[in-house]
Amino acid sequence: MASLRAVGTPLRVGVVGLGKMGRYHLQVLRDLPECRLVGVADPSPAAREAADAGQAPVVRCRDHWELLDAARPDVVFVHVPVVAVYAVAADLLRAGVPVFVEKPAGLFAWQTQHLAALAATAGVRSMVGVNRRYYASLLAGHQAIEAAGGAHSVTVEAHEDPALVRAAGSFPAEVIDRWVVANGVHALDLLRFFGGSTCHVSAVQHHVVSPTLDPGATCAAALVGLANGGVGRLLVDTCAPGGHRFEVRGHGVTLTSDPGFLSAQWRCRPGLGARIPADGTVFGPDAYDQRYKPGLWRQDQAFLRSVQHGQPAPFPASDLADAAVTMGLIEQVCGYDDTEPPRDAAPPG
Ligand SMILES: NC(=O)c1ccc[n+]([C@@H]2O[C@H](COP(=O)([O-])OP(=O)(O)OC[C@H]3O[C@@H](n4cnc5c(N)ncnc54)[C@H](O)[C@@H]3O)[C@@H](O)[C@H]2O)c1
């Protein structure tokens, strides 16, 4: 890895995986002052050539190995398909490169734990892309809840319809079998965003067996103890058309998501004080969330700054160790097998 630039000077950034998310991140990275794009990588020649790095003279590579060799990046952003994330991120971390990894950082909690351990061994920063945390609407909602004294309850619904995804044929079976990890994580991750650390989980699952439903169709619910004394409630159905929602309650205040989370509704009792937003306030997107894929500007900037300064990214960042906790929580809620396979199934160490 090239030696890190002095604090404040742009980092040499490589981007691996130039599909939908890779293109969204490139739009941000092109404009971030903390970033100097030096290389992109994708096995698809069309994706490599189409990648728009702006004015930056980038090398265009077939994979992350070629990228490391040809561009010597300080950090790498990884946006490869879910099934490839673990191996690619593990290679980069073993090479001593800080990585940003799009969610989910692996399909299994044990994979995310391995990646977190590799980052710790290498002594490098990591970040997992859970961009809802960086929506202006959710940051403002979180700030308002904290101003009222913190969350007493956080309820998150992450209903998915994997049968529809299976029918579309765009994802391999192993990803669809864990679709709540692959997609539901966007909403389930918000339990810890609003509620903080968790201390115990009590989950029940009803596995629906029917020839007309997806093989893994489940109705799951979990009560989660929050370390602040509050209560988390997670609800996940995978047997019918889905949708993501949350509701957070604090002292006299209620925050309710709108569909898509780009806005959220605030209700509160009168007389709570000047620091509490007025009843009826709607928290919405800011200019960054309108110009770029929402959340990405603040999120990518936070990661690059954390590498520049050699410090963990501040709240609401999720690094690999934090993401491993969320992954474990999802496995508990859904009753997924959390057994790590024999050692030789992991990338060689
Ligand atoms: N944060 C979000 O809102 C959000 C939304 C969608 C997807 N995602 C995540 O982003 C990641 C990428 O998803 P996508 O929708 O962009 O997928 P995509 O299929 O559009 O793009 C993936 C790209 O990676 C390339 N690729 C495959 N294997 C590779 C390898 N080993 N090295 C380099 N490139 C490789 C493919 O050729 C393709 O161009 C996934 O982890 C997904 O879960 C996040």
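The values are calculated or read from the model by the stated rules, or taken from the named source; none is laboratory data. Keep in mind it's a predicted model, so treat the numbers as computed, not measured. So basically every Cβ, Gly included, is an ideal-geometry build from the backbone, and we count neighbours across all protein chains shown.
When you look at ALA136, is it within 16 Å of the ligand (Cβ to nearest atom), over 17 Å from VAL80 (Cα atoms) and modelled with pLDDT of 95 or more, yes or no?
yes
Can you tell me which of (1) away from the ligand (no atom under 12 Å from the Cβ); (2) over 18 Å from LYS293 (Cα atoms); (3) out of contact with any Gly (no Cβ under 8 Å at 6 or more places or on another chain) is the one PRO33 doesn't meet?
(2)
Being in a loop (DSSP other than H, G, I, E, B) and surrounded by 21 or more Cβ atoms within 10 Å (Cβ to Cβ) is the filter; apply it to segment 179-229 and report the residue that is nearest to the chain's Cα centre (by Cα).
Once the filter is applied, the top-ranked residue is ASP189.
Of these, LEU115, LEU107, which one is under 17 Å from the mean Cα position of the chain (by Cα) and surrounded by fewer than 22 Cβ atoms within 10 Å (Cβ to Cβ)?
One residue alone meets the criteria, LEU107.
So which of GLU49, GLU66, GLU102 ends up being within 14 Å of VAL15 (Cα to Cα), in contact with a His (Cβ under 8 Å, 6 or more places away or on another chain) and among the acidic types (Asp, Glu)?
GLU102
Looking at segment 57-69, which of the residues that are part of a loop (DSSP other than H, G, I, E, B) and touching a helix residue (DSSP H, G or I) at 6+ places or on another chain (Cβ under 9 Å) is farthest from GLY17 (Cα to Cα)?
VAL58
Just name the residue that is farthest from PHE171 (Cα to Cα) out of those in segment 67-97 that are surrounded by fewer than 23 Cβ atoms within 10 Å (Cβ to Cβ) and near the ligand (Cβ under 10 Å from one of its atoms).
ASP91
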